[in-house]
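Chemist: Quick one: the structure is below, and I'll ask about it shortly.
The values are calculated or read from the model by the stated rules, or taken from the named source; none is laboratory data. Owing to the predicted nature of the structure, the values given are computational and were not obtained by experimental measurement. FYI the Cβ positions are ideal-geometry reconstructions off the backbone, even for glycines, and counts take in every protein chain you see. Note: areas computed on protein heavy atoms with side chains; ligands, DNA, RNA excluded. Shrake-Rupley method; radii C 1.70, N 1.55, O 1.52, S 1.80 Å.
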Amino acid sequence: MTPTLIMLNIIAGVCLLLWGVMLVRLGVTYGFGSNLRGILAASTQNRFKSFFSGLFITTLLQSSTATILIISAFAGQGMIKAGAGLAMVLGADVGTTLVAQILSFDLSVLIPIAMISGFFLFNRKNSSIAKNAGRVLVGLSLMLMALGWIKESAIPLKESALMAEILVSLSQDPLFAVLLVALMTWIAHSSLAVVLMIMSFVAAGVLPVSLALFMVLGANLGGTIAPIIATLKDHEEARRVPLGNLFMRLIGVFIGFAALSFVPDIFNFLGEGSERKIVNFHTAFNVVLAALFLPFTGYINSLCCKIIPAAPQKHDVSQARYLNNKDITTPSVALAAASRETLRMAELVQQMLDDTIHVLKNNDLTLLQKIREEDDTIDRLYAQIKIYMAKLSQEFMSSDEAERYVQVLTFATNLEHAGDVIDKNIAPLADKKIKRHIKFSDEGFRDIEHIHMLVMETIELAQSIFVSMDPDMARQLIKDKFEIKDAETKAMENHIERLSEGVPETINSSSLHIDLIRDYRRINSYISTIAYPLLEEEEGNKND
């Protein structure tokens, strides 16, 4: 086999390895992303829980880079603190070494089993979980095939004089070897794949263990680069997580480099076989790093805060704060971002509605103009949420994520409709009242204020339901809807009674009074729709 053909086979094997890693990551992310998000969100109470959640998730994803980017996205959205994120990152780095440990054994017997099972699972119809489990199994089989391919293709390099000269040069300059592998890891976006490739070269007898250990340090350093570059334009909280990871790894690589350079026999305890020494060193490096820095994640975060200080707050409220196109490939993260943006819409609608009663009470034209501007803001936010959601493919979502997708889009749409009712109906009525100097009777305005207060309470409750998806709260919202309907009926009866008594203010404001109460109830109807799917689902579960 010619040297060119040997290198082509090795490169092809590495590409297959990366493809397998990507398939496993996609399968786990798309199939179980909402569960991973729940684990991360529930593990921020202390650094040890955060550490083990990062370890567990990376063992599933087989990519510390993917885990770090998810953690960074959550930190940028304010879902977790950067300090807890750093503890998760330490766990993620240990998690990827456990995958390397597993794959270092001879698992060739699993290749046909995983490939056949994965193929049939992937081709099952109407089962996204089965499809994604199939992706994971096919990806695993491709990774195992790639490791064997790389190992077999590299064997002839033992006899290559050119390879011998390259290895001698690298052995004489291990710092260059570390930097070279760090660059390779950045390009590959997978420290796991590079460590496994190094292990395959060692197993083929091409690469000496002493040089390979330095290269493992380079793989650990290079794994920090991709998340830093990927988050350069993100929120400062998101950028601090990969920066802290780089800081910890630089110190770890410096200590490891010094130990390998001055006490090369210190790692003889790592095992007898050359392959085992590589993966054991990779694991030992990350475990020691976690033990060293886990107690000090708060201090590291403080240092990162000084390097990346909080940016000045932007005042353009019409621009989405949480939507990031890089999160589109992780549905659980993207849906969390869209949910937070939708809650911003709900808060703006709540503010608009609160402003209406002050305009009606005080004839405030300035505040009326503010209401119209707030509706423009809501319309722009809604457009951004719609575009963002359109980029999410429901094909790769779990059933829970697909359900949440509908909930977010439906709630955002109804909020936009509620904003339009305020802008196009209530605001013109308030403008008419001011310009024509119309005055409500004291009793009539008290009825309006009462219904306004009830609708404000339902908006508050609807936001809580949107976050918690609590059926008990949903039942309360429906109960409140009927209470508002009863209040409307009572207010109309009172109004008719005042008309029959000939109260002048009631006669002059009659049409305004009736239209305002009707519009408040319309807003409540839009807001209350969030409760019905929850109650229908609960009823369906009972019937099952």
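Chemist: Can Gly222 be described as modelled with pLDDT of 85 or more and either open to solvent by 20 Å² or more (accessible area, probe 1.4 Å) or more than 19 Å from Glu275 (Cα to Cα) (or both)?
Modeler: yes
Chemist: If Ser210 passes every condition in (1) of a type outside the set (A, V, I, L, M, F, W, C); (2) open to solvent by 40 Å² or more (accessible area, probe 1.4 Å); (3) closer than 20 Å to Thr59 by Cα but one, which one does it miss?
Modeler: With respect to (1) of a type outside the set (A, V, I, L, M, F, W, C); (2) open to solvent by 40 Å² or more (accessible area, probe 1.4 Å); (3) closer than 20 Å to Thr59 by Cα, Ser210 is out only on (3).
Chemist: Filter region 5-25 down to residues that are surrounded by fewer than 19 Cβ atoms within 10 Å (Cβ to Cβ) and within 29 Å of the chain's Cα centre (by Cα) and give me whichever is farthest from Lys131 (Cα to Cα).
Modeler: The qualifying residue farthest from Lys131 (Cα to Cα) is Cys15.
Chemist: Same structure, new question: Could you please let me know if Glu152 is of a type outside the set (Phe, Trp, Tyr), farther than 30 Å from Asn245 by Cα and in contact (Cβ under 8 Å) with a residue 12 or more places away in the chain?
Modeler: yes
Chemist: Out of region 134-153, which residues are over 12 Å from Arg25 (Cα atoms) and open to solvent by 30 Å² or more (accessible area, probe 1.4 Å)?
Modeler: Once the filter is applied, which keeps residues that are over 12 Å from Arg25 (Cα atoms) and open to solvent by 30 Å² or more (accessible area, probe 1.4 Å), region 134-153 yields Met145, Gly148, Trp149, Lys151, Glu152.
Chemist: Also: Using beta carbons and a limit of 6 Å, which pairs, at least six apart or on different chains, have the first residue in region 465-491 and touching a residue at least 60 places away in the same chain (Cβ under 8 Å) and among the aromatic types (Phe, Trp, Tyr) and the second one part of a helix (DSSP H, G or I) and crowded, with 18+ Cβ neighbours inside 10 Å?
Modeler: Sorted first by the residue in region 465-491, then by its partner, the pairs are Phe466/Phe411.
Chemist: Something else: Go through Gln463, Gln476 for me and flag whichever is among the polar types (S, T, N, Q) and either in a loop (DSSP other than H, G, I, E, B) or open to solvent by less than 50 Å² (accessible area, probe 1.4 Å) (or both).
Modeler: It is Gln463.
Chemist: Listed residues Pro264, Pro242; which is crowded, with 24+ Cβ neighbours inside 10 Å and not aliphatic (A, V, I, L, M)? Break it down stepwise before answering.
Modeler: Details: Pro264 fails: crowded, with 24+ Cβ neighbours inside 10 Å.
Selected residue: Pro242, the only one of Pro264, Pro242 that is crowded, with 24+ Cβ neighbours inside 10 Å and not aliphatic (A, V, I, L, M).
Conditions tested, residue by residue: (1) in contact with an Asp or Glu (Cβ under 9 Å, 6 or more places away or on another chain); (2) polar (S, T, N, Q); (3) under 30 Å from Asn324 (Cα atoms).
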| position | (1), (2), (3) |
| --- | --- |
| Gly139 | no, no, yes |
| Leu144 | no, no, no |
| Val168 | no, no, no |
| Trp186 | no, no, yes |
| Asn220 | yes, yes, yes |
| Ile228 | no, no, yes |
| Thr231 | no, yes, yes |
